[in-house]
1. Could you give the angle, 0 to 90 degrees to the nearest 10, between helix 434-446's Cα long axis and the longest principal axis of the Cα atoms of the chain?
2. Can you compute the label reach from N176? Point 7 Å from Cα along the Cβ direction, backbone N cut-off under 16 Å, restricted to the range 133-150.
3. Output ³J(HN,Hα) for the range 213-220: one whole-Hz value per residue in order, computed from phi by the Karplus curve 6.51 cos²θ - 1.76 cosθ + 1.60 with θ = phi - 60°, and x for Gly and Pro.
4. Take A303, project a point 7 Å from its Cα along the Cβ direction, then tell me which residues of the range 458-480 have their backbone nitrogen under 17 Å from it.
5. Could you list which residues have their amide H under 5 Å from that of T356, counting only those 5 or more apart in sequence or on another chain, with H placed in the peptide plane?
6. For H503 and L376, FRET efficiency with R0 = 45 Å and r from the beta-carbon atoms, rounded to 0.05?
7. Ordered by residue, what ³J(HN,Hα) values in Hz, to whole numbers, does the range 346-353 give under the Karplus form 6.51 cos²θ - 1.76 cosθ + 1.60, where θ = phi - 60° and Gly and Pro are x?
8. Using Cα centres only, tell me the gap between the range 1-34 and the range 222-284 in whole Å.
Amino acid sequence: MAQTSWWQRGIVYQIYPRSFMDSNGDGIGDLRGISARLDYLHWLGIDGIWLSPIFPSPMADFGYDVSNYTDIYPPFGNLDDFDHLLEEAHKRDIRVILDLVPNHTSNHHPWFLDSRSSRDNPKRDWYIWRDPQPDGSPPNNWLSYFGGAAWTLDEKTGQYYLHSFLPEQPDLNYHNPEVKQAMFDGIRFWLKRGVDGFRVDVIDRMIKDELLRDNPLNPDYVEGRDNPTGKYLRLYSENRPGIHELIREFRAVFDEFKDRVMIGEIAYSTDPSLICGFYGTEQAPEINLPFNFAPLMLPWNAAAFRQFADAYAATLPAGATGNYVLGNHDQTRVGTRIGLPQARVAALMLLTLAGTPFIYYGEEIGMCDVAIPPHLYQDPQGINIGISRDHQRTPMQWENTPYAGFSTAETWLPVAPDYPVVNVAVQRGDPTSMLNLYHTLIELRRVTPALHSGTYQSLAAPEGCFVYLREADLRQMLVALNFTNEEKTITLPRYGKVLISTHLDRVETGTQLTLRPDEGVLVEL
């Protein structure tokens, strides 16, 4: 298939709405705030923005507990504000992607309120209810991702309901066709409104074992060392037979509309065959872009990345587009994981590998995790099991003014203390800044077919370096990345010109290059 869709050529930027821009001084980001920053995103070169959930919610899990799939969370704005954002984004050729949470709803959703009202309510089977075991304990040993059992007893009806996450997030029953149709109607509501696609939350977990068998023990789990939610292998509680058929039904709804994208959050894995198994086939398509989370999990060394990138490229189905991510709202920021010098190398890799790049807001200015003491945690995962995601969700750093230009009032999470230096305004004026590195790379990628849709081939390189070739229309681009803090010498296949260094300070030609510590270069051969 020819690479003609915007999401195959372009770049997606993830916005965490609570933390991007506050327009009304309540300390919480909102839709009007996002609209006010569209010119910045257009300047940066972004093709699409993905908004973490904006639907009405009690916010037990900050929007991943939806109480209405066809409206807006009031502190973020209303449907008029959303339509304004959509219109203004489209004027700037920026697409808008929403975050769909189909695995579960809020326990305040009218569907669940009906379901739990009685055992014979017509919506009882919209969720997963089971009797206690003879001793009164939960139906099986499944665990919640947020700690404790994945079952909560409803005293009124005497049955347990399943929740893979918080008790406030009951799982829907996709063996019931009425549930599917209700969710599909919600998707159509937004696609008809002009939304350009959805990122679908935990898409591989919508089908559970109908027999509700116990999950087996995880042989690698060590009590006291590992996250307690990993005690059992999630063999029966997710990714069961039937999931691919269900995903194909979701995809068919997207395909009722022209040029819409379906992005799927699947299991975190470094196994290309698992990731690529969710593309489906040309005759039975599934997810346009199943998230490739391998860069978040691989050890930060050149050999590991070369091995994965080679295997991933070889495993992608014909015509499929890969993708790469360095961070998201659930993961430690890349600058914290590998350090800011290497984060520049990572930026060059992200924007030159074969696949759609995803940028998490603030990565382009080198935002890092913010130390937040436990007594200030907002994240239920942090409150329940001590592993908080608040650290990577802090307000965007726009300028050297109070609250980093994000708000005029106390912010919902603390602003990073480095905001006077690490912010958009300062970095736009610094020709060697992280922001200008991203800006330059994005512009170069946009006008260079070899980088956004060319072939990929890795090359032999010195230890600690990852070198690869991108080619299209007889134009060859070589990328050389030094993953170490030592100098490395690279011999080019033939004469080449350095187009950009991650230090933004060299332009040279030749057949040999000396990479400085923590440096990457893009060379046109």
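1. 90 degrees
2. none
3. Each residue of the range 213-220 in turn: 5, 4, 6, x, 4, 7, x, 8 Hz.
4. What the label zone holds, given the 17 Å backbone N cut-off, is 459-467.
5. Result for T356 returns G322, N323, Y324.
6. Given R0 = 45 Å and the Cβ-Cβ separation, E is 0.75.
7. Whole-Hz 3J(HN,Hα) from phi for the range 346-353: 4, 4, 4, 5, 4, 8, 10, 5.
8. Using only Cα atoms, the two centres lie 24 Å from each other.
Where a number appears in this text, it was derived from the coordinates with a stated rule and is not lab data. Note that the structure is a prediction, hence the values are computed from the model and not measured. No Cβ is skipped: glycine too gets one built from the backbone with ideal geometry, and neighbour counts run over all protein chains shown.
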